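A.B. asks: Below is the structure I would like to discuss, written out as C-alpha cells.
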Amino acid sequence: LSCVLLSAMSGDRFWSAVEATRTKGPLVQCLTNFVSMDIVANGLLAVGASPAMVHATDELSDAVPIVGATGGAVSINIGTLDERWIQSFEATVALCKTHQVPWVLDPVAAGFTTLRTSTAVRLMELHAPAVVRGNASEILALAGATSGGKGVDSTDASDAAIAAATLLAERFGCVVCVSGATDYVVAPGGAVSACHHGHEMLTKVTAAGCLVSSVIAAFVAARPEGCSVSEATLWSMCYFGRCAEEAAAGCEGPGTFRVRFLDKLFSVGSRRDDVPLRAEFKP
C-alpha cells in the first residue's frame, strides 16, 4: 500500500474518534503483564479512558459485567504468562462472550514458545476478540506460519504478515492489526487499511505495544456511531503514532521520550489540527 494523505473528511472522522474517547471515558479492564501495568494505566488515563487493572479470578464475575454495562472493553495481554494468568484469561473471555463485551488480544511473543501460541489461539477459539493486535512475527505464528520472532520482538516486516492477518480475520471474524514500521489493519471482510505514523523510539520503551493494544480497546469501546471496529483501530494507531512523532522531536533518549509521550497522548487530543494523516483507509 502506498502512503497517502487522507481527505479532510477522513481527518474529521479521525478527530471524532479521538474526541469520543476523551468524552466517553470508556472503562477498559486490563489483564496485562506486570512489566506493562504502569504505562498502560497512565497511557489510558492520558487518552481519556478509565483503566481497571483487574485480573483476579475471584472478582472477574463482578468486574466484566460492569465493563459491559458501562460500554467499556477488555484488553488481554499474555506477556507474563503462567497457569494462573491463563485461568484468568479464559474466565474473562467466557464472561466477555456471555455479556457481549468487546475484547482485544495482545498475543505477546506468540511463536516464541508453544505455550504462548497455543494459549492465544485457544482464547480466540473460546470467543473471538474484536481485535487482535500483534507484531508481524506474532501474527504469523497465530496463523500457523513460521515466523522470525525474537522473544517479544519481531524480525519480520509488518507487510510480511498481511496474508496471515487476512486468514485470521476471516477465520475468527475479527479485526487483525499488524504493527510495525507501517501498521496494517485488516477487516473481517479482507479490506486492508494502513497507518504510516510512528517513530522508532517506540521500540526503545518497554510495553509501548502493550499500551497501544489497550488504547485500541478504548477507541473501540468509545467509537462514534457509524465507526466500525476496523476504522476505530486504524484511528487509534494513527493517534498513537502521531503522538510518538511529536514526543520524539528533540528528546534525548528513551527516558525523555517516555515522559513526553504520555504528555502528548494527553495534549494532542485536546486540539484539532489540519495536519494531514499519513494513512490509507479502506472501509
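The values are calculated or read from the model by the stated rules, or taken from the named source; none is laboratory data. Fair warning: this is a prediction, and the values are worked out from it, not measured in the lab. Note that we place each Cβ from the backbone using ideal geometry, even for glycine, and neighbour counts take in every protein chain shown. Ligands, DNA and RNA are excluded from the accessible area calculation, which covers all protein heavy atoms including side chains. Shrake-Rupley method; radii C 1.70, N 1.55, O 1.52, S 1.80 Å.
A.B. asks: Identify all aspartates and glutamates with a Cα-Cα distance to K264 below 13 Å; exclude those on the same chain that are fewer than 8 residues away in sequence.
C.D. replies: Qualifying aspartates and glutamates at Cα under 13 Å: E245, E246.
A.B. asks: Now, a different point. What whole number of Å gives the distance from the Cα centroid of segment 28-94 to the Cα centroid of segment 249-271?
C.D. replies: Cα centroid to Cα centroid, the span is 25 Å.
A.B. asks: Between V268, V101, V178, where does the largest GNM mean-square fluctuation fall for the chain, given springs only between Cα atoms within less than 10 Å?
C.D. replies: V268
A.B. asks: How far apart, in nm, are the 7 Å Cα→Cβ label points at R271 and M53?
C.D. replies: 3.1 nm
A.B. asks: Rounded to the nearest 20 Debye, what is the dipole magnitude of the chain about its Cα centre when Lys and Arg each give +1 and Asp and Glu each give -1 at the C-beta?
C.D. replies: 220 debye
A.B. asks: Now for a separate question. Report the rotationally averaged projected area of segment 85-197 based on its alpha-carbon convex hull, in square nanometres.
C.D. replies: In nm², the orientation-averaged hull projection of segment 85-197 is 6.5.
A.B. asks: For segment 196-218 and segment 104-128, what is the separation of their Cα centres, given in Å?
C.D. replies: Between the Cα centres of segment 196-218 and segment 104-128 lies a distance of 19 Å.
A.B. asks: Could you pull out every residue, at least 5 positions away or on a different chain, whose amide H is within less than 5 Å of the one on A52? Hs are placed 1.01 Å off N in the peptide plane, and Pro or chain starts have none.
C.D. replies: V28, Q29, C30
A.B. asks: Using a 1.4 angstrom probe and counting only protein chains, how large is the accessible area of L167 in Å², to 10?
C.D. replies: It works out to around 110 Å².
A.B. asks: Can you figure out the FRET efficiency of D62 with T23, using R₀ = 30 Å and their beta-carbon distance, to the nearest 0.05?
C.D. replies: 0.70
A.B. asks: Another question, if that's okay. Is segment 29-105 rounded, prolate or oblate when judged by the Cα gyration tensor, a ≥ b ≥ c being the square roots of its eigenvalues, rounded requiring a/c under 1.5 and prolate requiring a/b larger than b/c?
C.D. replies: oblate
A.B. asks: Further question: Check each of the GluC sites (Glu not before Pro) in segment 179-283 and keep only those in coil by DSSP with at most 16 other C-beta atoms within 10 angstrom; list them in order.
C.D. replies: For GluC sites (Glu not before Pro) across segment 179-283 that sit outside H, G, I, E and B with at most 16 neighbouring Cβ atoms in 10 Å, the list reads E225, E252.
A.B. asks: Something else: Give the accessible surface of segment 22-86 per residue, rounded to a whole number of Å², with probe radius 1.4 Å and ligands, DNA and RNA excluded.
C.D. replies: 41 Å²
A.B. asks: A follow-up question, please. Could you work out how much longer the chain between D38 and Q100 gets when fully extended? Use 0.36 nm per residue separation minus the Cα distance between them, nm to one decimal.
C.D. replies: Result: 19.6 nm gained on full extension.
A.B. asks: Follow-up. With all protein chains present and a 1.4 Å probe, how do T21, T166 order by accessible area, largest first?
C.D. replies: In descending accessible area the options line up as T166, T21.
A.B. asks: Same structure again: Provide Rg and Dmax in Å for the chain, with only Cα atoms included in the calculation.
C.D. replies: Radius of gyration, then largest Cα-Cα span, for the chain: 17.0, 49 Å.
A.B. asks: Something else about it: Could you order the peptides 189-196, 211-218 from most to least packed, using the average number of other C-beta atoms within 10 Å per residue?
C.D. replies: Result, highest mean Cβ count within 10 Å first: 211-218, 189-196.
A.B. asks: Please give the per residue accessible area of segment 140-255, computed with a probe of 1.4 Å over protein heavy atoms only, in Å².
C.D. replies: The answer is 36 Å² per residue.
A.B. asks: Given the Cα-Cα distance of A249 and D82 and 0.36 nm per residue of separation, how much length would full extension add, in nm?
C.D. replies: So the chain would gain 56.2 nm between A249 and D82.
A.B. asks: Let me ask something else. Rounded to the nearest 5, what is the percent of antiparallel bridges among the DSSP beta bridges in segment 113-226?
C.D. replies: 60 percent
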